[in-house]
Amino acid sequence: MKSYESLNFRFLEKNDVYEVLEILLNLSEKNKEFFHPHDFNVETLNENLNSSDHYFVLTLNNQIIGYSFLRLFGYETPSFGCCIRNGYEKKGYGTIITKLTIDKARELGYSKIILKIYKENTPAQKIYKKLGFKTIGETEDKKQYKMELNL
C-alpha cells in the first residue's frame, strides 16, 4: 500500500449498494466458492441495510475495495465475513478489513466473534490465526472450520 492512498472504513450506506453488488458479482470463481453469505442482488443488500446486523465497506481513494459484516442470525455473538474486490487481493487489504471489523465489534460491545472458513481457504486462515482466532471445531459436512475470537 502506498502512503498517498486514502483508506476509509465505515458502515455500508444506501448509495453503496450497487458498487458492493458489482464487487460481489465480479469476485473470482474461487472466491465465490468461499464467500456466499447471502444472495448477491440489490434486494438482499437493501434488506441488510435495514437489519440488526452490521455491514461495512473499506474504501481506497473513495472506491469500495472491501465488504465485511458482523451478522447475528438471532444470536448474541456475531459471525464475521469479508471479501476484497477482485484485483486487490494479496495486498494486505484482507488483514486490514478484518482488523477494522474486529475493532468495530469491540466498539459495539461484543465479547466474541465467530466465523466458518472452508478448509481449503488457507490464505484467509493464516490471517485469522495471526489475528488471534482459534479453531474450535468443524461443520457437520467437514468442509469448514469453525473459529472464534474472544475480544
Subject >> Any hit, segment 120-127, residues being closer than 14 Å to Asn150 by Cα, within 15 Å of the chain's Cα centre (by Cα) and either exposed (fewer than 14 other Cβ atoms within 10 Å of the Cβ) or at pLDDT 95 or above (or both) >> reply: no
Subject >> Tally of residues being over 16 Å from the mean Cα position of the chain (by Cα) and modelled with pLDDT of 95 or more across segment 27-43 >> reply: 3
**OP:** Would you be able to tell me the number of residues in segment 70-99 that are touching an Asp or Glu at 6+ places or on another chain (Cβ under 6 Å) and in a strand (DSSP E or B)?
**Re:** 1
Subject >> Meets criteria (under 21 Å from Tyr145 (Cα atoms), in contact (Cβ under 8 Å) with a residue 24 or more places away in the chain and either assigned to a loop (DSSP other than H, G, I, E, B) or of a type outside the set (Ser, Thr, Tyr) (or both)) for Ile117 >> reply: yes
**OP:** Report, by residue number, each residue of segment 128-144 that is over 25 Å from Glu29 (Cβ atoms) and surrounded by 17 or more Cβ atoms within 10 Å (Cβ to Cβ).
**Re:** Phe133
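The rows are residues; the columns are (1) more than 15 Å from Leu131 (Cβ to Cβ); (2) out of contact with any strand residue (DSSP E or B) (no Cβ under 7 Å at 6 or more places or on another chain).
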{"position": "Asn50", "(1), (2)": "yes, yes"}
{"position": "Asp53", "(1), (2)": "yes, no"}
{"position": "Gly74", "(1), (2)": "yes, yes"}
{"position": "Arg106", "(1), (2)": "no, yes"}
Original post:
Just wondering, is there one or more residues in segment 48-61 that are touching a residue at least 24 places away in the same chain (Cβ under 8 Å) and in a helix (DSSP H, G or I)?
Top reply: yes
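The values are calculated or read from the model by the stated rules, or taken from the named source; none is laboratory data. Please read all numbers here as calculations on a predicted model, not as lab measurements. Cβ coordinates were reconstructed from backbone atoms using ideal geometry, including for glycine residues, and neighbour counts include every protein chain displayed.
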